[in-house]
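Remarks on the structure that follows.
The values are calculated or read from the model by the stated rules, or taken from the named source; none is laboratory data. Please read these numbers as outputs of a predicted model, since none were measured by experiment. Neighbour counts run over all protein chains shown; Cβ positions are idealised from the backbone, glycine included.
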Amino acid sequence: TAHFPPKWDEITICVTKDQFIIKKCDEIVRDDDSVAVGMNFQVVCEPREFLSYDIQYQSDITFCLREFKFLLGLADLLNLPMTMYFDSRGR
């Protein structure tokens, strides 16, 4: 968890049947309301790197980085697996 810069407030997890991606994108809204996106960080994991990996639909979910780092640290400290369940926006 120490590898995430402290100034980041959110990260996005993107899942497909073949990949688990953690990424951080910065969106910059220009004066003409156009959006420029710059990729700062991306980690790609394959399903074989997990104890269990079952994805029905491609999904993206954005987390507050502070809480995500806390959960990762707690799972690591207690040597417990971390399980994530989500199926649609807000669930």
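Just a few scattered comments:
- Among the residues making up region 61-81, those that are among the hydrophobic types (A, V, I, L, M, F, W, C), at pLDDT 85 or above and not in a helix (DSSP H, G or I) are I61, C64, L78, L80.
- Hits in region 33-60 - residues which are loosely packed, with under 10 Cβ neighbours inside 10 Å and at pLDDT 70 or above: R48, E49, L51, S52, D54, Q56, Y57
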